Amino acid sequence: MSDLQGLQEVYDDLPNRLLARLGPTLDELASGAPLTPELRERCRRLERTVRDEIRTRRLLDDEGRAQLDALVARGWRVSVVDEGPVLLGEEDLALAGRVSRGVVAACAGCPPGSLTLRLLGRRGRLITVVVGGSAAGPVADLVRREARSVELDEDEVLAEFAMTAEPAGERLFVDLRPRPSIPAPSTPDPAELPAADLPGAGR
């Protein structure tokens, strides 16, 4: 199975997964249930869940996303962004996923702070991790063996991971911009041509 086929299967199932999570709350809203503080908070959590399902699908499995939700519920400031190209090598995707799951798990045992995971997948940069707060030290120790660079300040760590290969599909896109039309060459009207230029003239 190609990387593109695998990615397509993941996102083909996305509506079913989202409906399974959103369905009960949507039904409750449709029934005219009052917007209690508990229901409003549940809607906010579901909104975040939808974003995470779309943005983190290639970085975190179901367990990892559940841990991410738990971090947010405890007061963590979390940002997870997938800016990578459609096609990434299996080794790079495996590394990005392993790093993301490990970092989220390490943060789970620490007081609230900030966490940013950003999948890049271009110009040799695979993924960057930024963690602020008391988890910075443990995360730095965790990623130091595989990271290309680790910068640790007093309460923040920035780690960057290198790609193993540039993806073949980095520029896989369809250009939908309108293109200027080129007029077809016009055929002169024989009635407007001088007699000398008419076909068969001079014979």
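Below are the figures for this structure:
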item	result
Net charge over other residues, Cβ less than 13 angstrom from the Cβ of residue 38 (K, R count +1; D, E count -1)	+2
From phi via Karplus (6.51, -1.76, 1.60), per-residue ³J(HN,Hα) for segment 26-39 in Hz, x at Gly/Pro	4, 4, 5, 5, 5, 7, x, 4, x, 7, 6, x, 5, 5
Antiparallel %, DSSP beta bridges [both residues in segment 26-160], to 5	75
Extension gain from residue 70 to residue 148, taking 0.36 nm per residue of separation minus the Cα-Cα distance	25.2 nm
Chain lengthening between residue 91 and residue 43 when straightened (0.36 nm per residue, less Cα-Cα)	13.6 nm
Gain on full stretching of the segment that runs from residue 36 to residue 62 - 0.36 nm per residue minus C-alpha separation	6.5 nm
Ranked by how many other beta carbons lie within 10 Å on average, peptides 117-129, 27-39 from highest	117-129, 27-39
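We did not get these values from a lab; they are worked out from the coordinates using the rules stated. All figures in this text were calculated on a predicted structure; none of them were measured in a lab. FYI the Cβ positions are ideal-geometry reconstructions off the backbone, even for glycines, and counts take in every protein chain you see.
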